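Below: one structure, written as structure tokens.
The values are calculated or read from the model by the stated rules, or taken from the named source; none is laboratory data. Quick caveat, the model's predicted, so the values are computed rather than measured. As a convention, Cβ positions derive from the backbone with ideal geometry for all residues, glycine included, and neighbour counts pool all protein chains shown. The protein model used for the area step is the full one, side chains on, heavy atoms only, and it has no ligands, DNA or RNA in it. Shrake-Rupley method; radii C 1.70, N 1.55, O 1.52, S 1.80 Å.
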Amino acid sequence: MNKKALVTAIVCTLMVLAAYFAWQFVFFEYETNVYTTTAEQLFTIDHLTKLVPLLIIGLLTAIGIVACIAVRNYLMRRDTFRGPFAAWRGTPSTKGHVHGRRVSAFMVVRWVCMVGFFALMVFGGVLLGQRYSWISIPVLSCPANMSQLTEASCYYLAHLEELAGLPLMGIVAFVASTLGFVLVFGRVLCGFVCPMGLAQDVMHKIRQATKVEGIAMTERMYQALVPIRWVMLLLMIGLSFVGGNFCNFCPAIALTPVAAGLSVSLYASGFLMVFVLIASFFKRRLFCTICPLGYLMGLAYRIQPFRIKKDCTACTECGACYEACPMGIKQLYTEREKADVTDISCIMCGECVRCCPEDRALSLTLLGRDIYVSKRLRVVQGYGR
Ligand code: SF4
Ligand code: SF4
Ligand code: SF4
């Protein structure tokens, strides 16, 4: 067995063990749910005190980020580390000087969607009623929060045996809505709806605003994450069949339920949320590259109506699209013939289109119609700001 396979096997084994025993590691002991938020309570002191776990997570994240920066600066000052560490240094886009910073309508719509859906996933049920609760959307928005507008598919995917025990109409509603969203939207939901995606994008924005250098992932680093993603997928689907519970270490339980004021016990998920936030600060959407639900959503990417298209004759092979892509999709700029460069990992965030400096070289399309195209002027004006 070579060294790489050995390291992968050890990491995967540790992940499986940690996942199985996650319920043992209490991050923040909170009472089990005795709190139901009402619309009147939302902005009261009583409700704000329920957000203490979020504050703790935020504080630990800030401490972790400062510690990482200090360690990196220390290592960078030592010549012996400069070589190996250089690969971790940020490229221009990871330093906050992003190509084409000019705000586009597409990006505004994306952020409005993410923030709006976050509010709906936290308080939608309280504000608008529970009439949409039969709809299951495949995003990581923990359904432990009964106040959210819709169900999230992740719970039943992680507890298939419970799904089988539902009444027939419940099973039909779950399968129809989950499959419908996967087939029609796929990972557009990752780019526009998922609260975990929003949390990671907010961390990325904070890093850009503070001008801290990020980490530029190499292709080898992305490859190293592939087995971890497979293990996560296996754990999500299979852990409940052997007496475990994926939710005990899913970081999403430390987001929407806690933001809703729900009194959940944060076992390993609280720790992991801190790591996810620190990681996404330095590398945008790092968790999304190993997220099992995101991978499942991408499976139907060949038939989904949202596509990334490339005009290879207009492309000058500058690589700006690859550098901007949070999912590390290389075929964006290596493709020389095919017009369709949609990838299973694509979250339709539009960053590649925004940063491409050639007119119409890249476009995001819906049913063949352009909804966002690359423009030289946008990039040039971005540099001028
Ligand atoms: S890949 Fe990211 S955005 Fe998509 S479901 Fe997973 S955490 Fe959410
Ligand atoms: S290919 Fe483009 S739209 Fe897809 S994830 Fe990468 S940057 Fe976002
Ligand atoms: S950013 Fe545009 S021009 Fe540059 S490699 Fe990508 S598609 Fe080609």
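Data table
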quantity: Of all residues making up the stretch 329-385, the number that are among the β-branched types (V, I, T), out of contact with any Leu (no Cβ under 6 Å at 6 or more places or on another chain) and either at pLDDT 90 or above or more than 13 Å from ligand 3 (Cβ to nearest atom) (or both); calculated: 8
quantity: Members of the stretch 342-381 that are under 20 Å from the mean Cα position of the chain (by Cα) and among the β-branched types (V, I, T); calculated: T342, I344, I347, V353
quantity: Y322 open to solvent by 10 Å² or more (accessible area, probe 1.4 Å) and either in contact with a strand residue (DSSP E or B) (Cβ under 9 Å, 6 or more places away or on another chain) or away from ligand 1 (no atom under 16 Å from the Cβ) (or both); calculated: yes
quantity: From the options F241, F271, F275, F281, residue that is surrounded by fewer than 24 Cβ atoms within 10 Å (Cβ to Cβ), part of a helix (DSSP H, G or I) and within 14 Å of the chain's Cα centre (by Cα); calculated: F275
quantity: Condition broken by T313, with the remaining ones in (1) out of contact with any Phe, Trp or Tyr (no Cβ under 8 Å at 6 or more places or on another chain); (2) closer than 26 Å to L183 by Cα satisfied; calculated: (2)
quantity: Unique match (being within 25 Å of F185 (Cβ to Cβ) and free of Cβ contacts under 8 Å to residues at least 40 places away in the same chain) among Y372, Y322; calculated: Y322
quantity: Test set (1) more than 21 Å from Y222 (Cβ to Cβ); (2) within 21 Å of the chain's Cα centre (by Cα) - L299 fails condition number; calculated: (1)
quantity: Search result, residues across the stretch 342-377 that are aliphatic (A, V, I, L, M), within 16 Å of ligand 1 (Cβ to nearest atom) and open to solvent by 30 Å² or more (accessible area, probe 1.4 Å); calculated: I344
quantity: Flag if G197 is open to solvent by less than 60 Å² (accessible area, probe 1.4 Å) and either more than 24 Å from M273 (Cα to Cα) or away from ligand 1 (no atom under 16 Å from the Cβ) (or both); calculated: no
quantity: Residue among A339, A300 that alone is within 16 Å of ligand 1 (Cβ to nearest atom) and surrounded by fewer than 21 Cβ atoms within 10 Å (Cβ to Cβ); calculated: A300
quantity: Top-ranked residue of the stretch 295-323 - restricted to ones that are part of a helix (DSSP H, G or I) and more than 11 Å from ligand 2 (Cβ to nearest atom), ranked as farthest from C346 (Cα to Cα); calculated: L296
quantity: Matching residues in the stretch 190-205 - criterion: being touching a residue at least 24 places away in the same chain (Cβ under 8 Å) and within 16 Å of ligand 2 (Cβ to nearest atom); calculated: C190, G191, F192, V193, C194, M196, G197, L198, Q200, D201, H204
quantity: The stretch 200-219, subset farther than 15 Å from M327 by Cα and part of a helix (DSSP H, G or I), residue least open to solvent (accessible area, probe 1.4 Å); calculated: R207
quantity: Selection status of G170, among the small types (G, A, S), open to solvent by less than 50 Å² (accessible area, probe 1.4 Å), without any contact (Cβ under 8 Å) to a residue 60 or more places away in the chain and more than 16 Å from ligand 3 (Cβ to nearest atom); calculated: yes
quantity: Boolean, I57 is assigned to a helix (DSSP H, G or I), in contact with a Lys or Arg (Cβ under 9 Å, 6 or more places away or on another chain), under 20 Å from K283 (Cβ atoms) and modelled with pLDDT of 85 or more; calculated: no
quantity: Selection within the stretch 104-118 - surrounded by 15 or more Cβ atoms within 10 Å (Cβ to Cβ), assigned to a helix (DSSP H, G or I) and out of contact with any Leu (no Cβ under 7 Å at 6 or more places or on another chain); calculated: F106, M107, R110, W111, C113, F117
quantity: Hits in the stretch 334-379 - residues which are in contact with an Asp or Glu (Cβ under 6 Å, 6 or more places away or on another chain) and part of a helix (DSSP H, G or I); calculated: R376
quantity: Candidate set: the stretch 327-336, residues that are without any contact (Cβ under 8 Å) to a residue 60 or more places away in the chain and within 16 Å of ligand 1 (Cβ to nearest atom); chosen: the one farthest from R284 (Cα to Cα); calculated: I329
